[in-house]
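Here is the structure we will look at.
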Amino acid sequence: MRGADRSKNTQNLDKRVCMTNCPTLIVTVGLPARGKTYISKKLTRYLNWIDVPTKEFNVGQYRRECVKIYKSFEFFRPDNEEGLKIRKQCALAALNDVRQFLTDEGGQVAVFDATNTTRERRETILRFAEQNGFKVFFVESVCEDPDVIAENIVQVKLGSPDYTHCNTEEAVADFMKRIKCYENSYQPLDEELDRDLSFIKIIDVGRRYLVNRVQDHIQSRIVYYLMNIHITPRSIYLCRHGESDLNIKGRIGGDSGLSARGKEFAKSLGQFIQSQNIHDLKVWTSQMKRTIQTAEAVGVPYEQWKALNEIDAGVCEELTYEEIQQRYPLEFALRDQDKYRYRYPKGESYEDLVQRLEPVIMELERQENVLVICHQAVMRCLLAYFLDKTAEELPYLKCPLHTVLKLTPMAYGCKVESVCLNVDAVNTHRDRPSNIDVSRLPEEALLTVPDHH
Amino acid sequence: DRLKFTNCPTMIVMVGLPARGKTYISKKLTRYLNWIGVPTQVFNLGQYRREVVQTYKNYEFFRPDNEEAMKIRRSCASNALKDIANYFTKEQGQVAVFDATNTTRERRGAIISFAKEKGYKVFFIESVCDDPEIIEANIMQVKLSSPDYENYDKEEALVDFLKRIDCYKMSYVPLDEEKDRHLSFIKIFNVGSRYLVNRVQDHIQSRIVYYLMNIHVTPRSIYLSRHGESELNLLGRIGGDTGLSSQGQKYAKALAEFIRGQSIKDLKVWTSHMKRTIQTAEALGVPYEQWKALNEIDAGVCEEMTYEEIQATHPEEFALRDQDKYRYRYPKGESYEDLVHRLEPVIMELERQENVLVICHQAVMRCLLAYFLDKSADDLPYLKCPLHTVLKLTPLAYGCKVESFYLNIQAVNTHRDRPTNVNVARKPEEALQTVPEHL
């Protein structure tokens, strides 16, 4: 049976290009408030989204668990013997967890997020990696711009558990003294002395990069990603096309035009965008009629991406869920069992979608203000990237018609504002039904299908 | 109307002493950019000089105190810049690669002023190398065969060229992290062991940097082959996902023998997700990786049809395809242009890798071959990629050596040439004139 074949060979069939043969340890380097944690979290999010199991290990968190209450910068003084002992222990505890993640838990990349400012500390890590057969790639952030550092502190340090009991001035003063504690012993990665190491030095938030000895594919992708991200404030607007004729009929896929309500949405979208007064907005659509028609009403130039086309439902294109249940009940059940990896016969899976959307994400990172007018499955994939959703959650994210999501990067994550433009539309969201067994009854399969004509 | 790579023309300016790989990088980068759809052209100053100074005598031409020669060289640079302006304004070029030493700050300043005046972006690519072995290998590979040294013997040529390099060394001012911090550039050290990247301005520069950081010069070969003959091939049907015919299975075995015979070090094998390439790889008995991106072009509504059926059911589409086979997209399917777009990550990874055997499909193989052999969008869809034939590509000098191995297993011909009449009003016979035979 086809289904049985799939489950037996799924591993093989979905075996993509091997990103890396042995686990990789990414080691951040840099003084406090240089964006190491920002980079660690963002990179981890990206790697997980492209299906490379990655986890970050923040030594500061280990320290907070050990030293329950943070008193002051004095903990970080280089002559504080007790402090140094605790900090070293924390680093080793973190490395131990790294080893477990990479060796026992199927992790492929671990991001070791700490200052790692001395050559001695880095040597320890290199020895650890060598013993365990991990590749090491250093990511150093160097920045002397006082404005950037100050902004950093305001955005992420003041809200740290360390400073819950301080007012703003006190916290800033203490943190600046904390940075001073590291400055004297800071040995940046050196072109000459460290020429045998693999690393990227990010200077002044990306103005300049020094890249040394990229060893393999995953390091090359990491470098490319790091060189494309920026921290200029901006917002990304995500929405679907206006309601389409096929939407009304409860049919999936296809390439129909907008319904009357869809056209109304397009107009409202145009008005909404105008009212937002967005500086230099780029508008992107797919190459399908319904997104293009929606963009047309916004009245600004737009670019079409084939990569933004809706998921290809293959043999199920333009069918209703009732028809799918009738003609392909087995496929329908298999999809409910693993909606992320399930591939429609002659079509695509969400997993395939993520792969084809990667260049879109990369370009979104490069850009500033962008409005992406796309489709339900596509929007779920993009949203999952920005909001760090798992492969299990992704295919069930709620992306209703006629609603714009405004994503604004903030601190270590993303602020989401949902704007419903008050134009009625059908609901196209089908939840996972309780019974996903292939022997289930039709009614059980169709339990969660939304209403339609 | 895809993503616009760049809003204004970009000048890529090479920087570096002779024999540092500037022309190699210029040509390779140009080939890549054209393949991904960015009209790009190289402007090699040495060629301009050769046109003016018909016969090269010796290195003395390049001595910094040779006033007459300096005048000629400056005039050549000026002409090259004029041609670049022309390429952008009259020929819709988007990227121009100015391939010259550009080793002085003065020369680079002149280029920057020129670009500023015209509204072009500038991105510098500097190649810095101190390894005498690499430099000598460079000279052996590409300089000795230069028109300049037609009448020299090998040793004399080497000696003269090294003196030529010396002429530049005195006045060479490399791009500087501090002094040139406002410029956009990448400095490549020792053939890629280290890179310094400064002020990447836009998407195309970011893609260029990524590409440059992935290419290497380690000798290796890339083997391209289609799957063995399939059941649908025999029936003259396009697309689908069938298994191998008996001849196809014979081919798979022959391929395994051939590969063993080549004694390739550390060979990677890649296939698509379709049965026929996987079955072909299985016979090799080595691990292989599957890429969905290597799947055959999606013929949409025409999947699994014969050409006769396509003519009968979609005569207009059939004609439109013959009119512009590269850009034509099957209804609910893909175009060659789409294929190139989805193959780009495959090409990038092929650049990173060393010895690779890619078992793929006719349209896919045409796209990959076009990249390696610098074929235009017009030629690409008609490249001959017959079944049961392995192409071995080995980078050599500025290009690629191609060796073709027909493994002597009979197979149908699946190559349909462009018919004479591509008009929508043509007769069925005219449309089907070039269809190869099938069952």
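Against chain A, whose longest principal axis comes from its Cα atoms, helix A:81-99 is set at around 30 degrees.
The Cα trace of chain A gives Rg and Dmax of 24.9, 75 Å, the first to one decimal, the second as a whole number.
Give, as a single signed number, the net charge of other residues whose beta carbon lies under 13 Å from the beta carbon of A:D451, with Lys and Arg counted +1 and Asp and Glu -1. So the surrounding residues net to 0. Can you tell me how region B:280-386 classifies by the Cα gyration tensor, rounded, prolate or oblate, using a/c under 1.5 as the rounded cut? In terms of gyration-tensor shape, prolate.
For the set A:K41/A:K415; B:K250/B:K275; A:K249/A:K289; B:K22/B:K392; B:K265/B:K384, the pairs lying more than 21 angstrom apart at their alpha carbons are B:K22/B:K392; B:K265/B:K384. So which aspartates and glutamates pass the test for B:K57, namely a Cα distance under 18 Å, with those fewer than 8 places away in the same chain ruled out? The reachable aspartates and glutamates, counting only those whose Cα sits under 18 Å from B:K57, are B:D65, B:E67, B:E68, B:D148, B:E150, B:D153, B:E155, B:E156, B:D160, B:D166. I want to verify a result. In a Gaussian network model of chain B, Cα cutoff 10 Å, which of these has the top mean-square fluctuation: B:V53, B:V364, B:V200? Of B:V53, B:V364, B:V200, the most mobile in the Gaussian network model is B:V53. Taking a Cβ cut-off of under 13 Å around B:T277, the surrounding Lys, Arg, Asp and Glu residues balance to a net charge of -1, with basic ones at +1 and acidic ones at -1. Just so you know, the Rg over Rh for the protein assembly as shown is 0.97, from Cα atoms, with Rh as the Kirkwood radius. Across the cross-link table entries A:K71/A:K157; A:K36/A:K180; B:K116/B:K179; B:K90/B:K179; B:K90/B:K401, which are compared at the Cα atoms, the separations over 24 Å belong to B:K90/B:K179; B:K90/B:K401.
Counting only Cα atoms, region A:24-227 measures 46, 37, 35 Å along its principal axes, largest extent leading. Does anyone have the angle between helix A:260-276 and the longest principal axis of chain A? Alpha-carbon axes, 0 to 90°, nearest 10? For helix A:260-276, the angle is close to 30 degrees. Axis of helix B:67-90 versus longest Cα principal axis of chain B: the two differ by about 40°, to the nearest ten degrees.
How would you classify chain B from its alpha-carbon gyration tensor, with a ≥ b ≥ c the square roots of the eigenvalues: rounded for a/c under 1.5, else prolate if a/b is greater than b/c, otherwise oblate? Taking the square roots of the gyration eigenvalues as a ≥ b ≥ c, chain B is prolate.
Estimated from helical segments only, the mean residue ellipticity of the protein assembly as shown at 222 nm is -12000 deg cm²/dmol, where each DSSP H run of four or more residues counts as -39500 (n - 2.57).
Taking a ≥ b ≥ c as the square roots of the eigenvalues of the alpha carbon gyration tensor, region A:204-357 is oblate, as a/c is not under 1.5 and a/b does not beat b/c.
Coordinate-derived values only; no laboratory data. Remember, it's a predicted structure, so these values are computed and weren't measured experimentally. We place every Cβ from the backbone using ideal geometry, glycine too, and count neighbours over all the protein chains shown.
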